[in-house]
Amino acid sequence: MQRRKASSSSSAKGSTGFIRIISGLWRGRKLPVHDAQGLRPTTDRVKETLFNWLAPEIPHAKCLDLFAGSGGLGFEAASRQAELVTMVELNKQAYQQLTQNAQQLKATNIEIHHQDALTFLQQTGQAYDIVFIDPPFRQGLLEQTLNLLQQNGWLTDHGLVYIETEKELQLPPLPPQWQLHREKTAGQVCYRLYQLMEDEE
């Protein structure tokens, strides 16, 4: 099951949590999150750090949020005036909640797909400027996700790729043109931002 985490503001396990949009058009809005098993919290601190890194790049960017879950990153990008945010989520209830939240916001720059992320990436892609990747922990999904992104044309020439993983995970080999831009650890989570560079001839 694919899922993005609820924010640190989520209520106790077994009850409905929410995500909070930090900045932009919908600053301060709280959106309910489907309480799927295994949903793990993303702190506002981590999200704020990431979007500080991305601040100059988000306006007018095309963003792809894989394993979208609560949509915390996708909604934040849309609030900050990304041109397009595409969310991909397999869990039916989480997908329905994403759709309801997008409707509540009257968002015109969000599209949501009820689909397995790997299946989605197997088609010929359209190029995105920013891709968010936060697969369920300890399920071995990251390497295939990265390979499909690279092979099927999902990234612009200077695209940015955000990867969030369990701290102990050894990343698979990455293409040489993927340059590590930022990296931080928060608790048991490691999060990294890569930028694609031009191939050296």
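Of the residues examined, Lys167 is not one that is more than 20 Å from Gln126 (Cα to Cα), in contact (Cβ under 8 Å) with a residue 60 or more places away in the chain and either loosely packed, with under 15 Cβ neighbours inside 10 Å or within 16 Å of the chain's Cα centre (by Cα) (or both). Go through the range 179-201 and report how many residues are assigned to a loop (DSSP other than H, G, I, E, B) and surrounded by fewer than 12 Cβ atoms within 10 Å (Cβ to Cβ). Result for the range 179-201: 6. Cβ-Cβ distances below 8 Å connect the following pairs, each with a first residue in the range 104-123 that is at negative phi, a second residue that is in a loop (DSSP other than H, G, I, E, B) and among the polar types (S, T, N, Q), and a separation of six or more residues or different chains: Asn109/Gln81; Asp116/Gln2; Ala117/Gln2; Leu121/Asn152; Gln122/Asn152; Gln123/Asn152.
If you filter the range 1-31 down to residues that are at pLDDT 55 or above and closer than 22 Å to Leu193 by Cβ, you find that the one that is surrounded by the fewest Cβ atoms within 10 Å (Cβ to Cβ) is Ser23. Say whether the condition of being within 13 Å of Phe67 (Cα to Cα), crowded, with 19+ Cβ neighbours inside 10 Å, of a type in the set (D, E, K, R) and in contact with a strand residue (DSSP E or B) (Cβ under 9 Å, 6 or more places away or on another chain) is met by at least one residue in the range 125-133. Scanning the range 125-133, I find no residue that is within 13 Å of Phe67 (Cα to Cα), crowded, with 19+ Cβ neighbours inside 10 Å, of a type in the set (D, E, K, R) and in contact with a strand residue (DSSP E or B) (Cβ under 9 Å, 6 or more places away or on another chain), so the answer is no. Scanning the range 32-52 for residues that are surrounded by 16 or more Cβ atoms within 10 Å (Cβ to Cβ) and modelled with pLDDT of 95 or more returns Thr49, Leu50, Phe51. Within the range 133-159, the set of residues being within 16 Å of Pro176 (Cα to Cα), polar (S, T, N, Q) and out of contact with any Lys or Arg (no Cβ under 9 Å at 6 or more places or on another chain) comprises Asn147, Gln150, Gln151. When restricted to residues that are of a type in the set (Asp, Glu), out of contact with any strand residue (DSSP E or B) (no Cβ under 7 Å at 6 or more places or on another chain) and crowded, with 24+ Cβ neighbours inside 10 Å, the range 62-118 contains 1.
His158 passes every criterion in (1) surrounded by fewer than 13 Cβ atoms within 10 Å (Cβ to Cβ); (2) closer than 23 Å to Ala55 by Cβ; (3) free of Cβ contacts under 8 Å to residues at least 24 places away in the same chain apart from (3).
Every residue in the range 126-148 that is more than 13 Å from the chain's Cα centre (by Cα) and within 20 Å of Ala77 (Cα to Cα), please. Of everything in the range 126-148, those that are more than 13 Å from the chain's Cα centre (by Cα) and within 20 Å of Ala77 (Cα to Cα) turn out to be Gln126, Ala127.
The values are calculated or read from the model by the stated rules, or taken from the named source; none is laboratory data. On a predicted model such as this, the values are computed, not experimentally measured, just so you know. When we count neighbours, we look across all protein chains shown, and the Cβ atoms used for this are built from the backbone with ideal geometry, even at glycine.
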